[in-house]
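The values are calculated or read from the model by the stated rules, or taken from the named source; none is laboratory data. Predicted model, so just to flag it, every value in this text is computed and none were measured. As a convention, Cβ positions derive from the backbone with ideal geometry for all residues, glycine included, and neighbour counts pool all protein chains shown.
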Amino acid sequence: MGEKDASPERRPLLQRGIRASTTRSTAALWSKSLLNALLFFAIFMVALPRGAHWLVPLAVPIPEALRTGLAAPLLVAAFAGWVWGLDVFSRRGRGTPFPLDAPRHLATQGPFSRIRNPIMAAELVMIWGVALYLGSLGVFIYAAAMTALAHWLVVRVEEPELRRRFGATYDAYCERVPRWI
């Protein structure tokens with residue numbers, strides 16, 4: 001369907017590159033979310049941290065036992081929160097984190113009842129867990145840059161888009177639930 005063929009209520013979303021999911025099957029939504037996850041992990045958890053370590057190959061003087069002892073629970077908790085968030089996105093929101101397959105409904109249950117961005121928060125915690133585990137200054141710098149970029153994207157892109165899509169419902173949700181912590 002071309003942009004000019006879209007219904008008036010969908011046209012603004014298409015013009016901004018956001019498209020509400022048309023997928024009906026929860027299994028298909030989960031499959032799409034897992035593909036999104038594979039890309040996320042390949043790029044943001046492997047390729048970019050490796051590049052950051054290559055650019056700044058300095059070790060941070062943290063004892064190995066402390067690094068692994070803190071990183072392991074962070075990674076496990078972040079992964080569990082991330083899976084939970086994807087499940088709510090698929091089942092309740094009826095979409096995926098990918099902007100071209102965005103949820104049709106505002107997700108406010110599960111981890112979304114505690115913070116507005118649990119999937120992104122979990123991804124950032126995973127990145128920080130990798131930085132801690134590797135003890136690499138380059139990866140710590142990368143984690144800090146990704147945290148700042150994520151915050152900027154949420155405030156400047158995601159929140160205005162959700163406000164346009166869900167209106168007063170989203171405003172009420174923002175009043176009840178904090179952005180990050």
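Among the residues of region 135-147, the one identified as under 16 Å from residue 118 (Cα atoms) and of a type in the set (A, V, I, L, M, F, W, C) is 146. When restricted to residues that are over 18 Å from residue 47 (Cβ atoms) and outside any helix (DSSP H, G or I), region 127-181 contains 6.
Of all residue pairs spaced 6 or more apart or on separate chains, those with beta-carbon atoms under 8 Å, a first member in region 135-164 that is closer than 16 Å to residue 179 by Cα and a second member that is of a type in the set (Asp, Glu) are 150/123; 163/171.
Please go through region 99-148 and give me each residue that is aromatic (Phe, Trp, Tyr) and within 22 Å of residue 49 (Cβ to Cβ), ordered by number. Steps first, please.
Of the residues in region 99-148, the ones aromatic (Phe, Trp, Tyr) are 112, 128, 133, 140, 142.
Hits for region 99-148 are 128, 133, 140, 142.
Scan region 56-68 and report the pairs whose first residue is without any contact (Cβ under 8 Å) to a residue 60 or more places away in the chain and whose second residue is hydroxyl-bearing (Ser, Thr, Tyr) and loosely packed, with under 14 Cβ neighbours inside 10 Å, with Cβ atoms within less than 6 Å and a gap of 6+ or a chain change. Partner pairs satisfying both residue conditions: none exist.
Of all residues in region 127-152, those satisfying the criterion of being within 23 Å of residue 107 (Cα to Cα) and touching a helix residue (DSSP H, G or I) at 6+ places or on another chain (Cβ under 8 Å) are 147, 150. Listed conditions (1) β-branched (Val, Ile, Thr); (2) surrounded by 14 or more Cβ atoms within 10 Å (Cβ to Cβ); (3) part of a helix (DSSP H, G or I) are all met by residue 46, apart from (2).
Check region 173-181 and report whether any residue there is among the basic types (Lys, Arg) and either at pLDDT 95 or above or more than 26 Å from residue 29 (Cα to Cα) (or both). Yes, region 173-181 has at least one match. The residue list 89, 79 contains one member that is of a type outside the set (Val, Ile, Thr), closer than 21 Å to residue 174 by Cα and in contact (Cβ under 8 Å) with a residue 12 or more places away in the chain, which is 89.
Looking only at region 91-123, which residues are buried (at least 20 other Cβ atoms within 10 Å of the Cβ), part of a loop (DSSP other than H, G, I, E, B) and touching a strand residue (DSSP E or B) at 6+ places or on another chain (Cβ under 7 Å)? Listed by number, the list holds a single entry, 95.
Each residue in region 59-85 was checked for being touching a strand residue (DSSP E or B) at 6+ places or on another chain (Cβ under 9 Å) and closer than 18 Å to residue 122 by Cα, and 0 of them qualify.
The single condition from (1) surrounded by 17 or more Cβ atoms within 10 Å (Cβ to Cβ); (2) modelled with pLDDT of 85 or more; (3) in contact with a strand residue (DSSP E or B) (Cβ under 9 Å, 6 or more places away or on another chain) that residue 88 fails is (3). Within region 52-63, is even one residue part of a helix (DSSP H, G or I), exposed (fewer than 14 other Cβ atoms within 10 Å of the Cβ) and modelled with pLDDT of 90 or more? Within region 52-63, one or more residues are part of a helix (DSSP H, G or I), exposed (fewer than 14 other Cβ atoms within 10 Å of the Cβ) and modelled with pLDDT of 90 or more.
On inspection, residue 110 qualifies as more than 22 Å from residue 145 (Cα to Cα), of a type in the set (Gly, Ala, Ser) and modelled with pLDDT of 90 or more.
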